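S.K.: Structure in structure tokens, see below.
The values are calculated or read from the model by the stated rules, or taken from the named source; none is laboratory data. What you are looking at is a predicted structure, and each value in this text was computed from that prediction instead of being measured. Neighbour counts are summed over all protein chains in view; Cβ atoms, including those assigned to glycine, are modelled from backbone coordinates with ideal geometry. The area values use the complete protein model at the heavy-atom level, side chains included, leaving out ligands, DNA and RNA. Shrake-Rupley method; radii C 1.70, N 1.55, O 1.52, S 1.80 Å.
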Amino acid sequence: MAGGAEERDTPFTATTIAAADTVFDVVALPSETPLIAAARAAGKQVITGAEVIALQAAEQFERYTGVRPTPEQIAEASAVSRA
């Protein structure tokens, strides 16, 4: 999405976002998409693409090593992926 023609577009109307409990976006870059920004402004719980990537990485890590990263480690990995 970053640098693309739809970079500033939101795929859902404000009415649809207002009706949601949680807004989930899989776009990883940027993690703060127009959809996520609109959902935050509406006070909605959000799941960003950066969080999705960190959770996928945690699942892969566990499958390879048998060790499950802690929620804190997953959050830190998510923060690093956005840096």
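S.K.: Once you charge only the Cβ atoms, +1 for Lys and Arg and -1 for Asp and Glu, what is the size of the charge dipole of the chain about its Cα centre, to the nearest 20 debye?
M.R.: Value, rounded to 20: 60 debye.
S.K.: What do you get for trypsin sites (Lys or Arg not before Pro) in the chain restricted to DSSP loop and a cutoff of at most 16 other Cβ within 10 Å of the site's Cβ?
M.R.: Within the chain, the qualifying trypsin sites (Lys or Arg not before Pro) (loop, at most 16 other Cβ atoms within 10 Å) are R8, K44.
S.K.: Something else: Compute from the Cα atoms of the chain the Rg and the Dmax, the latter being the longest Cα-Cα distance, and quote both in angstrom.
M.R.: 14.4, 44
S.K.: Give the accessible surface of the chain per residue, rounded to a whole number of Å², with probe radius 1.4 Å and ligands, DNA and RNA excluded.
M.R.: Details: 5670 Å² over 83 residues.
Value for the chain: 68 Å² per residue.
S.K.: What spacing in nm lies between the two simple spin-label points modelled at A19 and Q60, each 7 Å away from Cα in the Cβ direction?
M.R.: Computed distance between label sites A19 and Q60 equals 3.6 nm.
S.K.: Using a 1.4 Å probe on the protein heavy atoms, what percent of the accessible area of the chain belongs to carbon and sulfur? Show your work: numbers first, answer last.
M.R.: Values: 3200 of 5670 Å².
Roughly 56 percent, rounded to a whole number.
S.K.: DSSP loop (so not H, G, I, E, B), at most 14 other Cβ within 10 Å: list which chymotrypsin sites (Phe, Trp or Tyr not before Pro) in the stretch 24-83 pass both filters.
M.R.: In loop regions of the stretch 24-83 (DSSP not H, G, I, E or B), there are no sparsely surrounded chymotrypsin sites (Phe, Trp or Tyr not before Pro).
S.K.: If you filter the chain for GluC sites (Glu not before Pro), then keep DSSP loop positions with at most 16 other Cβ within 10 Å, what is left?
M.R.: Working: sites: E6, E7, E32, E51, E59, E62, E72, E76; in loops: E6, E7, E32.
Passing both the DSSP loop test and the Cβ count: E6, E7, E32.
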